[in-house]
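Worksheet: the structure to be examined is printed underneath.
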Amino acid sequence: MHQGWLQVSGLLMDFTGVMLLAYEWLVGFRAQRREEEAESRGDRELKNLAFAQQNVRNEHMAAHLKMVASRAKDRQREEGIAIRQRGHQIRLPVFAVAMLLIAFGFLMQVAGSWPGGIPVLGVVAN
């Protein structure tokens, strides 16, 4: 095998690894935006409930609104956790594969650039 092909293969692996890292970043960015939107939506809901509680004179209705607000806080927290978990399920494997591709790509480029080739592995210089 000629050394030049090792360099080309290494460059392709590096490029693929970097593109996977870009994808991982995009997934993380989108998850962060979804989490911020959910938090904003939850904050608006809590503000509306707080405003409703201020104007209630009936103690049963006040207790009900307090319970609804508590559930809204719990739902907001659980939704944020679910968004983060879905993102991590995708991001970690993609990140690991990207790092392996970049590492192997680097090693192949080094092997492809090694002076005189690597005769032990059957790699001959150009």
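Bear in mind these aren't lab numbers, they're just calculated from the coordinates by the rules spelled out. If you're wondering where the values come from, they're calculated on a predicted model, not measured in any experiment. So basically every Cβ, Gly included, is an ideal-geometry build from the backbone, and we count neighbours across all protein chains shown.
What whole-number distance in Å separates the alpha-carbon centres of segment 91-107 and segment 50-76?
Between the Cα centres of segment 91-107 and segment 50-76 lies a distance of 50 Å.
Placing +1 on the Cβ of each Lys and Arg and -1 on the Cβ of each Asp and Glu in the chain, which of Leu26, Val120, Val68 has its Cα farthest towards the positive end of the resulting dipole?
Farthest towards the positive pole: Val68.
Would you mind computing the Rg to Rh ratio of segment 1-69 from its alpha-carbon coordinates, Kirkwood style for Rh?
Taking Rg over the Kirkwood Rh, I get 1.60.
Among Gln54, Gln76, Gln85, determine the one that fluctuates most according to a GNM of the chain built with springs between C-alpha atoms less than 10 Å apart.
Gln54
Once the piece of chain linking Met19 and Phe106 is laid out straight, how much longer is it, given 0.36 nm per residue of separation minus the C-alpha distance between them?
Length difference between fully extended and current span is 29.8 nm.
Can you compute the helix-only [θ] at 222 nm over the chain? Use -39500 (n - 2.57) per DSSP H run of at least 4 residues, normalise by all residues, nearest 500 deg cm²/dmol.
Result for the chain, helices only: -32000 deg cm²/dmol.
How big is the dipole moment of the chain about its Cα centre under a simple scheme where the beta carbon of each Lys and Arg is +1, that of each Asp and Glu is -1, and everything else is neutral? Debye, nearest 20, please.
520
At 0.36 nm per residue, and after removing the present C-alpha to C-alpha distance, how many nm does the segment from Asn58 to Leu12 gain when stretched out fully?
9.6 nm
Could you work out which residue, out of Met13, Met67, Met108, moves most in a Gaussian network model of the chain, that is, has the largest mean-square fluctuation with Cα springs under 10 Å?
Sorting by GNM fluctuation, first place goes to Met67.
Could you give the radius of gyration (one decimal) and Dmax (whole number) of the Cα atoms in segment 22-106, in Å?
According to the Cα coordinates of segment 22-106, Rg and Dmax are 20.0, 71 Å.
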